[in-house]
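J.: Got a structure here, written out as structure tokens. Questions coming.
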Amino acid sequence: MKIYIAGKITGNPDYKTQFKKVENIITKRGHSVMNPAWLKDGKDFQYHDYMTVTEAMQKVCEAVVFLPNWKESEGAQTEHSRAIGRGQKIFYGSKNVPDYNKKCYLLRKENDEKLLSRIECMDFLKITDKELSRVIKYGYLRRGYTVSLLEG
């Protein structure tokens, strides 16, 4: 899943460390990350400039992880409203982000069964995370396989 990280940056001297820690956790769980802390500070860039760029970063993601300090940030509150408006999945803290490396998806096709992680399943079927969720929810077949979620 593509995940954007949101939290307090302005006035937070430790934001780069906090965001990097969450990025590492999410990446180890098999997700792709958009991290606004990657942006370099520049004296000529204003708050509005950064919000314009982070809006584009958030827009391409399916989910947003909110750091514990997000309510202290006007920007993160804006990102929360955007996430709700766009129907993005919302996670409050990295501990709630699912581990896509767990073997929990069973693909069946006649006498062939495969037990795969979410990422392996997406690679095998050549589909996105969003498409896989649809296949599981509505029972559509992909490449002749049905997909079952074995554990949450």
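J.: Taking θ = phi - 60°, what integer Hz values does the Karplus form 6.51 cos²θ - 1.76 cosθ + 1.60 yield along the range 54-62, in sequence order, with x for Gly and Pro?
T.: Karplus values, whole Hz, x for Gly and Pro: 5, 4, 5, 4, 5, 4, 7, 9, 8.
J.: Rounded to the nearest 10 degrees, what's the angle between the helix 129-138 long axis and the longest principal axis of the chain, both from Cα atoms, 0 to 90?
T.: 50
J.: Quick one: order 122, 51 by neighbouring beta-carbon count within 10 Å, fewest to most. Can you show the working numbers first?
T.: Values: 122 20, 51 14.
With the fewest neighbours first, 122, 51 line up as 51, 122.
J.: Sorting 80, 48, 31 on the 10 Å Cβ count, fewest up front, what's the list?
T.: On the way: 80 19, 48 7, 31 24.
In increasing order of surrounding Cβ atoms, one gets 48, 80, 31.
J.: Which pairs in the list 2/59; 71/102; 40/71; 28/137 are over 21 Å apart, alpha-carbon to alpha-carbon?
T.: 71/102; 40/71; 28/137
J.: On to the next question. So if each residue of separation counts as 0.36 nm, and I subtract the Cα-Cα distance between residue 10 and residue 124, what length gain in nm does that give?
T.: 36.9 nm
J.: Compute the separation of the alpha-carbon centres of the range 122-149 and the range 1-36 and state it in Å as a whole number.
T.: Computed from Cα coordinates, the inter-centre distance equals 28 Å.
J.: Run the numbers for residue 28 and residue 134: contour at 0.36 nm per residue of separation, minus the present Cα-Cα distance, in nm. Write down the numbers at each step before the final one.
T.: On the way: separation 106, 0.36 × 106 = 38.16 nm, distance 2.41 nm.
So the chain would gain 35.8 nm between residue 28 and residue 134.
J.: Would you order 26, 84, 5 from fewest to most other beta-carbon atoms within 10 Å of each residue's own beta-carbon?
T.: With the sparsest Cβ surroundings first, the list reads 84, 26, 5.
J.: Taking θ = phi - 60°, what integer Hz values does the Karplus form 6.51 cos²θ - 1.76 cosθ + 1.60 yield along the range 28-34, in sequence order, with x for Gly and Pro?
T.: 5, 8, x, 9, 9, 10, 10
J.: Work out the FRET efficiency for residue 72 and residue 38 from their Cβ-Cβ distance, taking R0 = 30 Å, and round it to the nearest 0.05.
T.: 0.90
J.: Share of antiparallel DSSP beta bridges in the chain, in percent to the nearest 5? Intermediate results must be reported in sequence, preceding the final value.
T.: Details: 11 of 22 bridges.
Around 50 percent of the beta bridges assigned by DSSP in the chain are antiparallel ones.
J.: Give me, ordered by chain and number, the residues 5 or more places off residue 34 or on other chains with an amide H under 5 Å from its own placed amide H.
T.: 3, 4, 5
Where a number appears in this text, it was derived from the coordinates with a stated rule and is not lab data. Everything numeric in this text was worked out from a predicted model, so none of it was measured. Glycine also receives a Cβ, built like all others from the backbone with ideal geometry; neighbour counts cover every protein chain displayed.
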